1. Please report, in Å, the Rg and the Dmax of the range 118-247, where both are computed over Cα atoms only.
2. Please give the length that would be gained between residue 96 and residue 221 if that part of the chain were fully extended, namely 0.36 nm times their separation in residues minus their C-alpha to C-alpha distance (nm, one decimal).
3. I'd like to know how the range 126-165 sits against the 2.2 N^0.38 Å rule of thumb: what's its Cα Rg over that expected value?
4. Distance check, please: which entries in 186/216; 34/204; 153/178; 98/178 exceed 24 angstrom between their Cα atoms?
5. Which value in deg cm²/dmol, rounded to the nearest 500, describes the helix-derived mean residue ellipticity at 222 nm for the chain, given -39,500 (n - 2.57) per DSSP H run of n ≥ 4 and division by the residue count?
6. Provide the packing ranking of 57-70, 230-243, i.e. peptides ordered by the mean count of other C-beta atoms within 10 Å per residue, highest first.
7. Along Cα→Cβ, 7 Å out, is where each label goes; now give me the distance between the ones at residue 133 and residue 204 in nm to one decimal.
8. For the range 17-246, what's the relative contact order in percent, using C-alpha pairs closer than 8 Å and at least 6 residues apart?
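Bear in mind that the values in this text are calculations on the coordinates, not laboratory data. From a predicted model like this one, the values you see are computed outputs, not experimental measurements. Note that each Cβ is placed from the backbone with ideal geometry, even for glycine, and that neighbours are counted across all protein chains shown.
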Amino acid sequence: MEPEKHNQMSSNLEFDIVKNSFEWLSAQRIQSVKELSSTLSAHALWALPNPYITCLILEQDTDGSWNSSIRDTARACSALSTEGIVFMASARWLLARKNESSWNRNVYDTTYALAALADMGTQDKDGCNWLSENYCPAWEQVGTTSLIITALKKQDNLAKTRTFETFIREKARWVLSKRGPDGGWKHISTSNLAIQALLLAGFKKELEVSVNWLLKNVHENGAWGNNNDDINATALTLSTLGLYRKI
């Protein structure tokens with residue numbers, strides 16, 4: 001088969017998968033902040049009408065947070081930023097919960113907060129330093145390291161610096177080294193975190209096999225999930241595919 005025809009067939013197949021996946025998502029009852037945020041982001045990255053914006057905003061508390069949760073607030077802020085919506089009250093709420101360069105001395109709270117702040121145009125070098133200086137064996141997991149890469153790269157991009165570039169590329173190569181021979185990292189959600197981080201870090205050329213792995217692992221009804229259909233895994237995968245097309 002000629003390469004051009006093969007590429008066209010692959011594109012058509014991907015489009016059909018994406019179309020079916022969005023149809024599956026639209027039929028689900030999406031209520032949690034985590035699921036609303038990931039679904040909103042997926043629609044934004046594919047430039048689709050986004051009814052989830054209003055749904056997510058209505059879940060916001062009067063103090064600017066979502067559920068008084070650092071991670072939920074960060075997820076919501078990052079998602080809304082994909083549609084150009086920024087609530088500075090939410091940024092202030094996140095910053096007010098920072099203590100001694102981190103959020104609860106917790107790698108997940110800190111990575112989500114730093115990524116969200118970057119998405120809202122707020123730099124935080126102290127938090128980035130805390131992540132890079134405290135990286136340890138306990139954090140040496142694909143999902144955790146991918147979140148760190150994403151947070152640092154977003155902050156670096158915002159500051160228009162390459163302060164953490166050496167660290168980012170070193171950890172990105174480590175994440176790539178943990179990829180399976182089939183192109184994935186065992187779990188759908190972990191694979192999505194890894195691919196998104198590596199795309200941001202500039203490793204798109206190395207990721208075609210991983211994107212193909214995602215496409216091969218879609219369920220017949222258009223959903224993704226390790227065993228059962230999963231809203232967040234499906235939305236995350238659609239975001240990954242959308243990001244891969246854009247970068």
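1. 14.9, 46
2. 40.7 nm
3. 1.13
4. With Cα atoms farther than 24 Å apart: 34/204; 98/178.
5. Theoretical 222 nm ellipticity from helices: -20000 deg cm²/dmol.
6. Peptide ranking by packing, descending: 230-243, 57-70.
7. Output for this residue pair reads 3.5 nm.
8. Once normalised by length, the contact order is 24 percent.
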